[in-house]
Amino acid sequence: MADKKEKLFDQFPPVSTEEWRAKVEADLKGADFNKKLVWRTNEGFNVQPMYRAEDIKDLKTTDSLPGEFPYVRGTRTDNDWAICQEIVVDNVAEANAKALDILGKGITAIDFVISDENVDFAALLAGVDVKKVQVNVRCCPGKAVAVAKAFVACIKAAKAEEEFVGALYFNPFKRQLKHGAQFPKDIKEVAVELLEVVKDVKKLRVLSVDSYLLGNAGAYIYQELGYALAWGNQWMETLTEAGVPAGEVAKRIVFNMCVSSNYFMELAKFRAARMLWAQIVKQYQPCCDCATKMWVHAITSEFNQTIYDAHVNLLRSQTEAMSAALAGVNAITVVPFDKQYKMPDDFSERLARNQQLLLKEESHLDKVIDPAGGSYYVETLTVSIANEAWKLFLNVVEEGGFEAILNAGKVQADVNATAEKRHTDVARRKEILLGSNQYPNFNEIANNKIELADKKCCCGEGETCGEGGLNTKRAASDFEAVRLETENSGKRPKVFMLTIGNLAMRLARSQFSANFFGCAGYEIIDNLGFNTVQEGIDAALAKNADVVVLCSSDDEYAALAPEAFKALDGKAEFVVAGAPACADDLRAVGITEFINVRSNVLETLKAFNAKLLK
C-alpha cells in the first residue's frame, strides 16, 4: 500500500474554475455574480465565494515552516500559549492570595494592574515561582521606571534573571490615545532609562504596543495592524537613534493586540502581523533573526461586549480566543463576560479561564502549529490584510511616524471615523449584536445588575486630561441607553401585532417587528391572526396597546392599512411593517410610520421613546 501513488479522487475528472463559475452563474439565474456572492470587506478588499490552489500558487507566505523567518507560520515550534488573567492590585495581600489561587486553576500568566509605584513586589509575588510563571505588570507610564526597579529587584532576589519571562507595559501614548493629552516627560529619555534598569533580565519586555486600545475603540482589523506596526517601528526608530542596538530594542517590544469576532480575518491578521513585523525589524539589521520575532498578547474585544444578554459575550470571546490560538499568539487574555456592568466576580473569571482550558484540554489547539497554513482562503486573507495594513503603515511613515500623527490627532480621528460608521451600521443592523440590536430577550431587566463605579485614570501624573482621544463607546451602547431609558421611565409601552391576511407574510413581519421594538424593552403582544381589521383593532385597544403594528403583505396594505389607521383613530401609534409600493398613498392618508430592513432601528426607537415615555 505504501508504494501506491493513487490519489483519492483520481476517478473523478478535474473541474476548472471556469466550469465552477459557469455552474454558479447558471444557478444564479441572471443575478450578478459579483453583487450576489462577492463580499467587500471593511478592510478594503473583496472576498470571493470560492478559493482554489491556483489562488495561492504564487504566494510567498507558503514557502516557510513554523519557526522560520518571516514567521508567518509562527515564531515557535509549538503552540503552547500562556493563559493570562488580570488582577487589579488594590491590596497586596489580597492580590497575592488571588494569584496563588488562580495559578492552581490553570492560569500560567498574570497581568498585575498597579497604581502604587511603591508596591511591595516581594509580598505581591510571595509563593509565585517567577522562573516558571509569566508575570506582567501594567502601571501608569510616568511611574514605569520606579516600578521597574522594584520589579527587577524582586526577580534578581529570586535569582530568576535568565529564566524569567514577562513584561512591564510602558505605554507613554496611552494619554494621547484616550484623552488627547501628551505624556509629560521625554519619551526617549524614559525609555532609555527603562532599558538600562531591566538590562539584566533578558526576557522582560517593557516597550508596549497597546493596539488593543484601537480595537476596543472600533478600529477595523487593517487599521489596528497598520498602526500597531507603525507604533512598534516608532520604538525601533526612537531607540536605535538613541544608540540602543536594534536587536535589544526589538526583543523588548510586546504587542498587546485586540481580537474581534471576525473569525478568519483575525486569524489571518496575526499571521500577517508576524510576517510584516519581521521584515520591518530586519531593515534595522539586528544581531540575529531571532530579534525579528513578534511577541503577541491577544486580548478579546470589549467593543462588541453587551450588557443585555451578556452571556452571549461568552460566545463572542470563545471564537475570538480560538482565532488567536489557531494563529499562534504567545498569550491570550479572555475578558470576563460581565466586565461592562460590574467588576468581574469569581464566577465570570472562572468561566474566562475555562474558555482557554477548553481550547487546550478538550480541543487540543495547543498541539497543532499553524493548522490554517496552506488553506486557500486563510492564506489569501493573510496576504490581503497584510497589503492593506502595509499601505497604512507606509502612509504613517511618510507623515513622520506614529508619534507625529498621534500628536496631530490623526490616529484618533481615523479610528473615530471608523467607529462612527460601525455605530451607524449597528443602528441599521448591518452589523449584528445578538441580544442588543437583534433577537433581544424581551423580558430581561438590566438596570438592577449594573454596578457603576468611578474608574481611576491610570495614564499619567494625575493631571487633568484633555479632549481629542478615542471614542471608546461600545457598539451596543446606544441600544442599551434606549432600553435603559425605557426601564428607568417606570413605563413599559405595549406593542400589539395586528396580524392579518397572507399567513407567511404576517408571521414573518410580526417576528421582525417584535425583534425591532423588543430592542427598546417594550412589551410585545403577538397574535396568530385576525379575520378582520376591526377585530384586530378592538383586541389592541382591549390590551391598552401603545403601538399597533399592521403585519400583512404588500399587496394587501393598500386596503388594510387605511382601514386600520381610521379604526384606530389616534388611540395608539400606528406602524406598517414593510416598505410597500403603495407607501406614498398611505402617507397621503396620514400614515407616517414604516419599519423595514432599511430602517435605522436606533433612531426609530429613540423617536418612539420620546413619544411614549413622556
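Data table
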read-out	value
Only listed residue being among the acidic types (Asp, Glu), touching an Asp or Glu at 6+ places or on another chain (Cβ under 6 Å) and within 16 Å of Arg271 (Cβ to Cβ), chosen from Glu43, Glu68	Glu43
Which listed residue, of Ile537, Ile591, is at pLDDT 95 or above and under 30 Å from Ile432 (Cα atoms)	Ile591
Among residues of the range 185-202, those that are over 32 Å from the mean Cα position of the chain (by Cα), over 15 Å from Pro245 (Cβ atoms) and open to solvent by less than 20 Å² (accessible area, probe 1.4 Å), counted	1
Unique residue being open to solvent by less than 10 Å² (accessible area, probe 1.4 Å), among the basic types (Lys, Arg) and either touching a Pro at 6+ places or on another chain (Cβ under 7 Å) or not in a strand (DSSP E or B) (or both) when the list is Arg353, Arg271	Arg271
Candidate set from the range 566-590 (those that are among the hydrophobic types (A, V, I, L, M, F, W, C) and farther than 15 Å from Ser513 by Cβ); member that is most open to solvent (accessible area, probe 1.4 Å)	Ala581
The range 413-462, subset modelled with pLDDT of 95 or more and on the phi > 0 side of the Ramachandran plot, residue surrounded by the fewest Cβ atoms within 10 Å (Cβ to Cβ)	Tyr439
Top-ranked residue in the range 244-259 [being assigned to a loop (DSSP other than H, G, I, E, B) and open to solvent by 30 Å² or more (accessible area, probe 1.4 Å); ranked as farthest from Thr62 (Cα to Cα)]	Pro245
Pair list, Cβ under 9 Å, 6 or more apart: the range 426-445 residue assigned to a helix (DSSP H, G or I), other residue open to solvent by less than 40 Å² (accessible area, probe 1.4 Å) and of a type in the set (Asp, Glu)	Val426/Asp478; Ala427/Asp478
Sole exception among (1) among the aliphatic types (A, V, I, L, M); (2) touching a Pro at 6+ places or on another chain (Cβ under 9 Å); (3) assigned to a helix (DSSP H, G or I) for Ala545, by number	(3)
Some residue of the range 491-508 being among the basic types (Lys, Arg), within 42 Å of the chain's Cα centre (by Cα), in a strand (DSSP E or B) and modelled with pLDDT of 95 or more	yes
The range 357-386 residues that are within 26 Å of Glu43 (Cβ to Cβ), paired with ones that are hydrophobic (A, V, I, L, M, F, W, C) and open to solvent by 40 Å² or more (accessible area, probe 1.4 Å) (beta carbon under 8 Å, 6 or more apart)	Leu359/Met322; Leu365/Met322; Tyr376/Ala53; Tyr377/Phe264; Val378/Phe264; Leu381/Phe264
Qualifying residue in the range 547-565 (condition: open to solvent by 30 Å² or more (accessible area, probe 1.4 Å) and in contact with a Lys or Arg (Cβ under 8 Å, 6 or more places away or on another chain))	no
Subset of the range 497-544 that is aromatic (Phe, Trp, Tyr) and surrounded by 21 or more Cβ atoms within 10 Å (Cβ to Cβ) - its residue that is farthest from Ala446 (Cα to Cα)	Phe516
Matching residues in the range 561-591 - criterion: being touching a helix residue (DSSP H, G or I) at 6+ places or on another chain (Cβ under 6 Å) and in a helix (DSSP H, G or I)	Ala561, Glu563, Ala564, Ala567, Leu568, Leu586
The range 294-328, residues that are open to solvent by 10 Å² or more (accessible area, probe 1.4 Å), out of contact with any helix residue (DSSP H, G or I) (no Cβ under 8 Å at 6 or more places or on another chain) and in a loop (DSSP other than H, G, I, E, B)	Trp295, Glu302, Asp309, His311
Failed item, numbered, when Ile110 is tested on (1) touching a helix residue (DSSP H, G or I) at 6+ places or on another chain (Cβ under 9 Å); (2) assigned to a loop (DSSP other than H, G, I, E, B)	(2)
One residue from Ala99, Ala123, Ala160 being at pLDDT 95 or above, more than 30 Å from Gly401 (Cβ to Cβ) and open to solvent by 10 Å² or more (accessible area, probe 1.4 Å)	Ala123
Close pairs from the range 85-112: first more than 22 Å from Glu361 (Cα to Cα), partner open to solvent by 40 Å² or more (accessible area, probe 1.4 Å) and in a loop (DSSP other than H, G, I, E, B), Cβ under 6 Å, at least 6 apart	Val92/Asp120; Asn96/Ala126
Leading residue by the ranking (modelled with the lowest pLDDT) among those in the range 356-387 that are open to solvent by 30 Å² or more (accessible area, probe 1.4 Å) and within 30 Å of Trp235 (Cα to Cα)	Ile369
Check on Asn304, in contact with a Lys or Arg (Cβ under 8 Å, 6 or more places away or on another chain) and either at positive phi or in contact (Cβ under 8 Å) with a residue 60 or more places away in the chain (or both)	yes
Flag if Met236 is in a helix (DSSP H, G or I) and either surrounded by fewer than 24 Cβ atoms within 10 Å (Cβ to Cβ) or within 20 Å of the chain's Cα centre (by Cα) (or both)	yes
Filter pass, Asp346 being modelled with pLDDT of 95 or more, over 21 Å from the mean Cα position of the chain (by Cα) and within 21 Å of Val88 (Cβ to Cβ)	yes
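The values are calculated or read from the model by the stated rules, or taken from the named source; none is laboratory data. All values reported here derive from a predicted model rather than from experimental measurement. Here the Cβ is made from the backbone with ideal geometry for all residues, glycine too, and neighbour counts use every protein chain on show. To get the accessible areas, we keep the full protein, side chains included, count just its heavy atoms, and leave off ligands, DNA and RNA. Shrake-Rupley method; radii C 1.70, N 1.55, O 1.52, S 1.80 Å.
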